[in-house]
Structures are given as structure tokens and as C-alpha cells.
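The values are calculated or read from the model by the stated rules, or taken from the named source; none is laboratory data. The shown structure was predicted, so the numbers you read here are calculated from the model rather than taken from an experiment. All Cβ positions, even for glycine, are placed from backbone atoms using ideal geometry, and neighbour counts span all protein chains on display.
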Amino acid sequence: MMPLVWKTNLFTKEDICDMIELDNSKQYYSDKYSRYAFILGVISLTGMCCFPVMPVIGGLGIMFALISRGGADVFSKQAKNGLILSVIGTVLSVVLTVGIMGFSVYETINELKTNPGVVDEVEQQYESIYDQMGTEMPDELYEMFDELRQMSDDMNSAE
């Protein structure tokens with residue numbers, strides 16, 4: 001049975017072949033971008049502890065998954081998996097980094113409370129390093145250590 005479009009002579013055979021090639025090229029780009037999304041999703045999930053890079057990689061994976069959809073209503077299976085992996089990798093990377101930074105701040109404050117002489121020890125280590133390099137420690141570092149010492153004294157006096 002001959003297709004309806006050929007009977008009505010709205011399209012020539014060449015027009016139909018051009019439309020088929022156009023659809024095939026869209027499918028090619030869709031497959032290519034969904035593959036990129038999946039690969040970047042796997043990379044962002046496996047390397048989630050590398051904070052400055054992995055949210056960017058995960059963001060690119062999310063972007064490629066969205067691009068691969070094109071005008072369709074649904075994602076391909078590979079693009080959906082890439083989107084899921086990219087979102088999980090990005091979120092875990094940010095959560096892990098915030099957790100590590102929060103723990104570091106907590107431990108620093110705890111160390112300043114329990115050991116008031118730690119600021120002097122660190123300052124001596126910095127002075128030793130600058131002496132080995134043959135330069136003088138910058139005034140900004142002396143000011144920073146003075147502020148840390150003051151903060152440590154304030155925390156110890158508040159208890």
C-alpha cells in the first residue's frame with residue numbers, strides 16, 4: 001500500500017528522503033549527547049571528592065542530557081541514566097565538600113578552645129619556614145596570628 005503523502009503529491013520522493021535524513025541526523029546528535037551525558041555522569045559520580053572540578057563535570061552532564069532530549073517529551077534511557085548520575089555526583093560532591101569544610105572549622109575551633117598555645121606553635125612553624133626560605137614573614141601573617149590568638153583568648157575566657 002502506497003503512503004498517503006505520495007498519493008496527494010504534497011511531497012516528492014526527494015523531499016521525503018531529505019526528511020528521513022534530517023531525522024536520522026537528529027537521532028545521531030541525540031545519541032551523541034546522551035552518550036556524553038552518561039560518560040560525564042559516571043565521571044562526576046566516581047570523582048566526587050574533587051570539588052572544584054566535579055560540579056562542573058556534573059553540570060555539563062546535566063546540560064548534555066537536557067540537550068539530547070531535543071524536542072521530545074521523554075529522555076532516552078542513556079540520557080536519563082546520565083542525568084541521574086550527574087545530579088547524584090554533583091550533589092554528593094557539594095555535600096562532601098561542605099561537610100569537610102564544616103568539620104575542619106569545628107576542629108579548628110575545638111583546638112583553639114582546648115589548646116590555647118597552638119597559635120604560638122603554628123606561628124613558630126611559619127617563622128621557621130620563612131627563615132629557611134631566607135625571607136621575612138609578611139606582616140599580614142603576624143596580624144592573622146594576633147587575631148587568632150585574640151579569638152582563642154576570647155573563647156577560653158567565655159567558658
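Results, tabulated for the structure shown:
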quantity: Any hit, the range 100-119, residues being farther than 22 Å from Ala158 by Cα, touching a residue at least 12 places away in the same chain (Cβ under 8 Å) and not aromatic (Phe, Trp, Tyr); calculated: no
quantity: Matching residues, the range 68-114, being under 16 Å from the mean Cα position of the chain (by Cα) and over 22 Å from Thr46 (Cα atoms); calculated: none
quantity: Only listed residue being at pLDDT below 90 and not assigned by TED's automatic domain parsing to the domain that holds Gln150, chosen from Leu45, Leu40; calculated: Leu45
quantity: Members of the range 118-145 that are small (Gly, Ala, Ser) and in a helix (DSSP H, G or I); calculated: Ser128
quantity: In the range 147-159, the residues that are surrounded by 12 or more Cβ atoms within 10 Å (Cβ to Cβ) and over 36 Å from the mean Cα position of the chain (by Cα); calculated: Asp153, Asn156
quantity: Candidates Tyr126, Tyr130 - the one that is in contact with a helix residue (DSSP H, G or I) (Cβ under 7 Å, 6 or more places away or on another chain) and not assigned by TED's automatic domain parsing to the domain that holds Gly41; calculated: Tyr126
quantity: Looking only at the range 102-134, and only at residues there that are over 17 Å from Asp146 (Cα atoms) and of a type in the set (Gly, Ala, Ser), the one that is surrounded by the fewest Cβ atoms within 10 Å (Cβ to Cβ); calculated: Gly134
quantity: Evaluation of Ser128 against (1) at pLDDT 90 or above; (2) more than 30 Å from Ser157 (Cβ to Cβ); (3) not basic (Lys, Arg) (one fails), failing number; calculated: (2)
quantity: Considering residues of the range 73-99 that are part of a loop (DSSP other than H, G, I, E, B) and free of Cβ contacts under 8 Å to residues at least 12 places away in the same chain only, the residue surrounded by the most Cβ atoms within 10 Å (Cβ to Cβ); calculated: Val74
quantity: Test: residue in the range 102-117 that is in contact with a Lys or Arg (Cβ under 6 Å, 6 or more places away or on another chain) and either modelled with pLDDT of 90 or more or part of a helix (DSSP H, G or I) (or both); calculated: no
quantity: Residues of the range 37-72 classified as surrounded by fewer than 18 Cβ atoms within 10 Å (Cβ to Cβ) and basic (Lys, Arg), total; calculated: 0
